[in-house]
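Structure first, commentary second.
The values are calculated or read from the model by the stated rules, or taken from the named source; none is laboratory data. Here the structure is a predicted model, which is why all the values come from computation and not from measurement. Virtual Cβ from ideal backbone geometry, glycine too; neighbours counted across all protein chains shown. Surface accessibility is based on the protein's heavy atoms, side chains included, excluding ligands, DNA and RNA. Shrake-Rupley method; radii C 1.70, N 1.55, O 1.52, S 1.80 Å.
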Amino acid sequence: MPFLGIILWSCNSLDTIPSEIPNPVKINNFTAHIKTVRPTASQDLLQVMSKTNMMMQGHTANRIDVSQDQYKLSFKDSIFESNLPYFGESQRGLHIGQSGILFSGKPKDLVKRYLADKKLTRYEFMIEDKENNENWNAKLEVVNNGAVRLYLFSNLRDPIGYEGRLKQ
């Protein structure tokens, strides 16, 4: 009988482990591993995916699994950094020097707020890539359960989204 009491007591203590991040609006330093890319689905993207056998591997035109890769984003001391793949089209047929999205810098017009009803912290900001004359409007959401969503809107490329998880 004492053994049963120990088991019940230990199970009860598991309830005290928080399942959510306490008010992430106070978190200014974090890194997230990107698991899914959500490109703008288009006929051209479908053609490229079918020719490269991406659809045979389980990807779709609006959901590409990149969980096995090392794509990430981070906010550290007011600096936003990212190493992200890009699947989509240039809106003006301009040559962009890189196929991915690499950022490292202080975001402009940063607005950060906690939305209690949705249990998430939203960061809205702008990033400039002066080398390619490209501007990005970004909306980054960090949900209390550790999920991360990033939405990017460029003046040169189709919009794209990313989903991932906070790194421990």
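Given (1) in a loop (DSSP other than H, G, I, E, B); (2) at pLDDT 85 or above; (3) open to solvent by less than 70 Å² (accessible area, probe 1.4 Å), identify the lone condition not met by residue 70.
(3)
Cβ-Cβ below 8 Å, separation at least six or inter-chain, first residue in region 156-168 and open to solvent by 40 Å² or more (accessible area, probe 1.4 Å), second of a type in the set (Val, Ile, Thr): which pairs?
159/40; 163/34; 163/36; 163/148; 165/148; 167/31
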